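Values quoted throughout were computed directly from the atomic coordinates according to the rules given, and no laboratory measurement underlies them. Computed from a predicted model, the values in this text were never measured in an experiment. Here the Cβ positions follow ideal geometry from the backbone for every residue, glycine too, while neighbour counts run over all protein chains shown.
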Amino acid sequence: MTAAGEVRWRVVGREGGSVVLVDLDAGLDEVRRERVGPDRWAVEASAADPSARWVWSDTARWYPDLLAAGSVVARCQDLRLCHAILRASSLVTEAAALRADGAWDAPSTAAPAAVEPALFDLDPDGGAGVGSRTVPEGIDDALAELRRQAAALASSGDPGRLRLLLAAESAGALLAAEMHAAGVPWSIEVHEGILEQALGPRPAGGGVPARVQELADAVRAALGDGRASLDSQPKLLRSLHRAGVPARSTSRWELAEYEHPVIEPLLAYKKLMRLMTANGWTWLDEWTAGGRFRPVYVPGGVVTGRWASSGGGALQLPRALRPAVHADPGWTLVVADVAQLEPRVLAAMSGDLALAEAARGRDLYDGIVASGAIATRAEAKIAMLGAMYGATTGDSGRLVPALRRAYPRAMGLVDAAARTGESGGAVTTWLGRSSAPAGSEWHEVQARAGGPDASDAECAQARRSAGDRGRFTRNFVVQGTAAEWALAWLADLRGLLAELPAVPVEQGAEASGPVFSRRAHLCFFLHDEIIVHAPLAQAEAVADAVARSAERAARLLFGGFPIDFPLDLRISIDAAKG
DNA sequence: AATACAAGCGCG
DNA sequence: AAAGCGCGCTTGTATT
């Protein structure tokens, strides 16, 4: 890491038909301006100081070129992502300049092609961004936005947290591009084996696999209707009614409540159809190539700060398919996930020592049981989820009060967040990401319900939308802070992995691309779990880095507060062969 | 023919 | 055994 005074900022943007690189000193004063050809910029830039902090409009727009040219950058500031955080953050007191320029509220360049805004597609709050499709790419736009962001940061009473958040968010953007470039090592053989085991051999010419056909036949026989349609919910529901199953929907948990010969084969049929349509042979053909699955990660794609993804359903890969993630020969996978990330984050951010004590060194739910607050682990789990999600009824809602008595500080934090949301306000995560306040439409609904001639329906609607918002803001502070912890973990781990030596060419994992074929690299991230693809000889070093970065993330966010984040960490056993 | 929506299910 | 947060994707149906 370079000391703050030595940071060199490299800003990249367009000017006319050229790409322009501008070097700034630590005071953001311009020291050098260089015009390079649009096709050559990445190659020329990659020869420069790799420790510089790159500043660009949108990582997804600029970084893939650098990666393709064989260059990894250590740090960046993603102006689009940082803009989104700063313009909304309640920690920023001077956000007017940021909010004035709606051009920076546009989606990422790399997002799925934005559709033309419809004629009447007006933002209900009249906010900025209407009609603009991507963020500005001009060099002067970037320089101006960087200075606005620096000013906004300086206006914050606590710039340290926001600086952490912006750095973590930007590191995440780098990582998202890198993981797309590297891809998830994917064994088509294993995947096909799972499909064949479950569905039967791949049918020629788009037919129905044998196992699916058998189940369909069994369902139709049980329904007493050889031509019953199983894939249309309304038609299936009518068939069920005729057969004496008075279900209101065709959802799995409702069907499971009925005793009828059709239920078992129908549930099995639905499960197989789901596997086939979502992750079957078509998915393999479409989303894997050269032994890699390359989803598009969308950092900051979820309002809470979590990542979203686009293409291939990377964030929904069924657990049954995980064995298809398979290291290259001579490489291995280091897999880690955090146990009970969100309640641990809640304990730390609320300063709840009792909950932290329940969490320390063990399963958090076991700890709650040991404290005597709740009788069984299963109940402790649904109570905690209910507290963080805002459950009011059922087993979950019934158990929350016990949690409230045992952990008043932690529960007080989420309860307060809920009250803020119910009254239309915005809430903020530990590092300073704020939710949007309620829009004008929401306030109108509340106002109508408070009026003298409000109908029962209007009152009910207002109560419901207030409750919806309360549950959203209740969860936002926890989910959002958990996302921040995960980003800090990723960013630190990324740095540690970069310090590991490269392996010789002949030991490389070629499909990981020019940059990562010889280096341990993150290849998958899902909210609280990661997979690192690593040369076999570095497995232990990588596992150690994964554990150390988790500890460092905890200290970075929560200082000396006594909370730990235990990992379930394993080195894949399948990698040795091959 | 193209598009929007709801249901359902996968993930955390 | 099924209430309560955040997503993406596929299918069938309704709309235009």
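Observations on the model:
- Residue-averaged 222 nm ellipticity for chain A, from DSSP H runs of 4+ at -39500 (n - 2.57), nearest 500: -15000 deg cm²/dmol
- Percentage relative contact order, chain A, counting C-alpha pairs under 8 Å, at least six apart: 15
- Taking amide H atoms as placed 1.01 Å from N in the peptide plane, the amide H of A:ARG14 lies under 5 Å from those of A:VAL20, A:GLY138, A:ILE139, each 5 or more residues away in sequence or on another chain.
- Burial ranking of peptide ranges A:169-176, A:433-440 (average Cβ count within 10 Å, highest at the top): A:169-176, A:433-440
- Between A:THR393 and A:ALA243, residue separation times 0.36 nm minus the direct Cα-Cα distance comes to 50.7 nm.
- Rounded FRET efficiency, nearest 0.05, which uses the C-beta distance separating A:ALA221 from A:VAL302 and R0 of 51 Å: 0.70
- Cross-link reach is defined here as a Cα-Cα straight distance under 14 Å, omitting same-chain residues fewer than 8 places apart; for A:LYS271 the aspartates and glutamates meeting it are A:GLU214, A:ASP231.
- Rounded to 0.05, the FRET efficiency of the A:SER229 and A:ARG463 pair, given R0 = 51 Å and the Cβ-Cβ distance, is 0.80.
- Candidate aspartates and glutamates for bridging to A:LYS235, where Cα separation is under 17 Å - those fewer than 8 sequence places away on the same chain excluded: A:ASP217, A:ASP225, A:GLU254
- Here the gap between A:ALA103 and A:LEU500, fully extended at 0.36 nm per residue and compared with their Cα-Cα distance, gives a gain of 138.9 nm.
- Summing Lys and Arg as +1 and Asp and Glu as -1 over all other residues whose Cβ lies under 14 Å from the Cβ of A:GLY451 gives a net charge of -3.
- Amide hydrogen neighbours beyond the local backbone of A:ALA308, cut-off 5 Å, H modeled: A:VAL298, A:GLY300, A:GLY301, A:VAL302
- Peptides ranked, highest mean first, by Cβ atoms within 10 Å: ranges A:14-20, A:493-499, A:450-456: A:493-499, A:14-20, A:450-456
- In this structure, A:ALA151 and A:VAL43 have a Cβ-Cβ separation that, at R0 = 30 Å, corresponds to a calculated FRET efficiency of about 0.30.
- Summary of packing: across the peptides A:384-394, A:354-364, A:223-233, the per-residue average of other C-beta atoms within 10 Å ranks them, highest first, as A:354-364, A:384-394, A:223-233.
- Within the same chain, aspartates and glutamates fewer than 8 places from A:LYS381 are excluded, and of the rest, those with a Cα less than 14 Å from its Cα are A:GLU342, A:ASP363, A:ASP366, A:ASP395.
- Here chain A is assigned +1 on the Cβ of each Lys and Arg and -1 on the Cβ of each Asp and Glu. Its dipole about the Cα centre then comes out at about 1020 debye.
- Residues A:TRP287, A:TRP307 arranged by fewest to most Cβ contacts within 10 Å: A:TRP287, A:TRP307
- Span-like helix check, chain A: qualifying full DSSP H segments, with Cα axial length of 30 Å or more and mean Kyte-Doolittle of 0.5 or more, are A:159-182.
- By the beta-carbon count within 10 Å of each Cβ, the least crowded to most crowded order of A:ILE188, A:ILE530, fewest first, is A:ILE188, A:ILE530.
- Magnitude of the charge dipole for the stretch A:323-423, about its Cα centre and with charges confined to Cβ atoms of Lys, Arg (+1) and Asp, Glu (-1), is about 340 debye.
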